[in-house]
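The values are calculated or read from the model by the stated rules, or taken from the named source; none is laboratory data. All of these numbers come straight from a predicted model, not from anything done at the bench. Cβ placement follows ideal geometry from the backbone for every residue including glycine, while neighbour counts extend to all protein chains displayed.
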Amino acid sequence: MTSALISAHAQQVLQAVHGSAQTQGHGPMADAAITRSWRRCLDQHQLDPASQRAPNVVEHPRLQDHRAPLEHIIAVARWQMSSLHQQLGGDGHVVLLTDAQGVVIDSVFNEAERVDFQRAGLWMGAMWSEDIEGTNGVGTCLVERQHVTIRRDEHFRGRHAGLTCSASPIFDARGELLAVLNLSSAREEHSLHQRFQAMALTNLSAKLIENCFFLGHEPHRYLLRFHPEARFVGLLGEGLLSFDDTARICSVNQAALDLLGLAREQLVGQPLTLLLESPLEQLLAHASPQPGLCWPLRLADGRLFYGQLREPVRTPTRPAAELPKILDTRVCLEDPRLQRGLSRALRVLERDVPVFLHGETGTGKEAFAAALHRASSRARQPFVAINCAAIPETLIESELFGYRGGSFTGARKEGMVGKLEQAHGGILFLDEIGDMPLALQTRLLRVLEERQVVPLGSATARAVDVRLISASHQDLQASVAEGRFREDLFYRLDGFTVQLPPLRERSDKGSLLDLLLREEAAGSAITLEPGVREHLLAQPWPGNVRQLRTCLRTLVALAWEGRVSLEDVVELLPGATTPRTLGEDPLGTSERQTLLTLIDEEHWHIGRVAERLGISRNTLYRKLKQHGIARQGSAHGQ
């Protein structure tokens, strides 16, 4: 905007605020929110509408201070910001997320428009509080605590009169203003329909971010979702209410207050039983980790709602060394080596040290990584897994780093956010990392060192905060020696290594079988006929946990009237080892002789024998018992 136009705009502002007859009831001053804002800018902030200074931008260290407390909301908001940008066609729009001080902490825009938006002050670190920049979408929204749209000459400063901004507040679970979602455009005036669309979509996106934040902010509380219509539970207008183990209400969202017709102070801190006619025991009986069905919920005033109740995630309170024993029921970690590996890996991961998992194919590396995620302080943040061996080499780069729309033939018009950016704030698991092409290893190393990712076709680096778990069945040191894997990347990934034992060596094989059978049965009653369990436990399982799970899934499908027969097992595993013939098997005889020889050589020092065999002491004891070797009697235990 030229100096003459800025001066003319400043004159208009001064005349409007001072009550010129020509402006009363018309133009910007017809909006009460803008009236209040312009007067604050003159009377309280003493701003000059004709000032042509550029917007203030905080330096990078200070920007990180503004971003750090809101990493959780940035991770939640990022997807919705990208979606909002795409829904409005992308070009000509920038989506900003600011903190409660009006500092921009994240942004989404087309890279080709970067210079234009930077010139307008619409970029990371810019300060858009009303006391600094005058009437504007972000600053006025922060003051008014409601959605505002500021069109072109409704801005207080003439320098911003070329912008149209639509901003909506984002509140936390206790009603405190957390952030602002702002959509800005520097284009010529849009139609009334386009303005209404921008306003509605911005407000909707802010509410979605707010609800997503509420759903994840207190996993250790009960979460009640409710609405008068069952089909609306789980949608944007649902009420959300959290309460603790004593049934004391901890937080509610605005939709809940609107549905109940109560103020926040009438609910928070009060017993939930005051709100309900239904007995508390009946309510708690419906709690589950991932509720799917709605049930009737009668209030004390007689109104009928429908609800779902999510039970709390129980955080372990025991020492870290005991975490694996009480982690959850989704993974079996009773083997002492796995317990020790998980507790040690958790300690180093919390210090941002990369964890590397090594083990045979099918040993459950992804399940182990997911268990680490659930036990970590980032359990509420994303866990993103990518199998480097399962994606064509030509697609790995776009999967990891994402791409800008139209970057290559076949690319989606709207582009794609890469796995690294998806994992922002959480944990990235790279399985079969040894199969990653050398060229991508270089890019990955750079990202891990700089903590920034640049999507394909873009020149914009985006900050990423991920903790890394990688895995492979290959010997990466051998791959380094052969020139197939970068040595510097290997040392970057190999912060702490966990060796996952094969299934045949696990001391918790029985418990694992029971867990997998329950999962595959999916609630159906399954009975193993005599000999089936022993037969399954006697197998060497070269395909490890993956092979065992597939076998159990097949047996459950074949079970007649819920009974798994030994005949089905023998037919499914032809030529397999059976407990009755194990002693007659030449391989079994050879193993027994090897054990006898080593025990003689080591004079029954169990630790040294186990070390020479590369197995645990528990596994060695089990093998000794299996082959009937005991220390009593002769030196050979016979």
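Things to note:
- With respect to the conditions (1) surrounded by 15 or more Cβ atoms within 10 Å (Cβ to Cβ); (2) farther than 18 Å from ASP301 by Cβ; (3) in contact with a His (Cβ under 7 Å, 6 or more places away or on another chain); (4) among the small types (Gly, Ala, Ser), ALA230 falls short on a single one, namely (3).
- Taken together, the residues in segment 371-407 that are surrounded by 19 or more Cβ atoms within 10 Å (Cβ to Cβ), among the hydrophobic types (A, V, I, L, M, F, W, C) and in a helix (DSSP H, G or I) amount to 6.
- Subset tally (residues that are surrounded by fewer than 23 Cβ atoms within 10 Å (Cβ to Cβ) and in contact with a Leu (Cβ under 8 Å, 6 or more places away or on another chain)) for segment 138-160: 2
- Any hit, segment 126-135, residues being more than 31 Å from the chain's Cα centre (by Cα), under 14 Å from ARG39 (Cα atoms), without any contact (Cβ under 8 Å) to a residue 40 or more places away in the chain and outside any helix (DSSP H, G or I): no
- Meets criteria (touching a residue at least 24 places away in the same chain (Cβ under 8 Å), buried (at least 22 other Cβ atoms within 10 Å of the Cβ) and either not assigned by TED's automatic domain parsing to the domain that holds LEU552 or not in a strand (DSSP E or B) (or both)) for LEU468: yes
- Output for segment 373-393, where each listed residue is under 25 Å from LEU440 (Cα atoms), at pLDDT 85 or above and of a type in the set (A, V, I, L, M): VAL384, ALA385, ILE386
- Answer residue from segment 166-225, given it is basic (Lys, Arg) and touching a strand residue (DSSP E or B) at 6+ places or on another chain (Cβ under 6 Å) and is surrounded by the fewest Cβ atoms within 10 Å (Cβ to Cβ) among those: ARG174
- Condition met for ARG486 (in the same structural domain as PHE383 (by TED's automatic domain parsing), surrounded by 16 or more Cβ atoms within 10 Å (Cβ to Cβ) and at pLDDT below 90): no
- Residues satisfying the stated conditions in segment 104-120, i.e. in contact (Cβ under 8 Å) with a residue 40 or more places away in the chain and buried (at least 23 other Cβ atoms within 10 Å of the Cβ): ILE105
- Filter result (under 23 Å from LEU445 (Cβ atoms) and in a loop (DSSP other than H, G, I, E, B)) within segment 351-363: ARG351, ASP352, VAL353, PRO354
- Contacts under 8 angstrom Cβ, first residue in segment 210-221 being at positive phi, partner surrounded by 16 or more Cβ atoms within 10 Å (Cβ to Cβ) and part of a helix (DSSP H, G or I), 6 or more apart: none
- For THR589, the conditions (1) surrounded by 12 or more Cβ atoms within 10 Å (Cβ to Cβ); (2) outside any loop (DSSP other than H, G, I, E, B); (3) at pLDDT 70 or above are fulfilled apart from (3).
- Cβ separations smaller than 9 Å between residues 6+ apart or across chains give the following pairs from segment 563-574 residues that are basic (Lys, Arg) to residues that are exposed (fewer than 13 other Cβ atoms within 10 Å of the Cβ): ARG563/THR527.
- When each of THR273, THR246 is tested for being among the β-branched types (Val, Ile, Thr), outside the structural domain of GLY175 (by TED's automatic domain parsing) and in contact with a helix residue (DSSP H, G or I) (Cβ under 8 Å, 6 or more places away or on another chain), the lone residue that passes is THR273.
- Only listed residue being surrounded by 15 or more Cβ atoms within 10 Å (Cβ to Cβ) and either out of contact with any helix residue (DSSP H, G or I) (no Cβ under 8 Å at 6 or more places or on another chain) or not β-branched (Val, Ile, Thr) (or both), chosen from SER511, SER524, SER565: SER565
- Any chance GLN254 is of a type in the set (S, T, N, Q) and at pLDDT 90 or above: yes
- Filter result for VAL115 (under 24 Å from LEU42 (Cα atoms), of a type in the set (Val, Ile, Thr) and in a helix (DSSP H, G or I)): no
- Subset of segment 418-440 (residues that are assigned to a loop (DSSP other than H, G, I, E, B) and in contact with a Gly (Cβ under 7 Å, 6 or more places away or on another chain)): GLY418
- Of all the residues in segment 441-465, those that are assigned to a helix (DSSP H, G or I) and among the basic types (Lys, Arg) number 2.
- Of the residues making up segment 267-295, those that are part of a strand (DSSP E or B) and either out of contact with any strand residue (DSSP E or B) (no Cβ under 9 Å at 6 or more places or on another chain) or under 18 Å from PRO228 (Cα atoms) (or both) are LEU276, TRP295.
- Scan of segment 484-533 for residues that are charged (D, E, K, R), closer than 19 Å to GLU366 by Cα, part of a loop (DSSP other than H, G, I, E, B) and out of contact with any Cys (no Cβ under 6 Å at 6 or more places or on another chain), ordered by number: ASP494, ARG506
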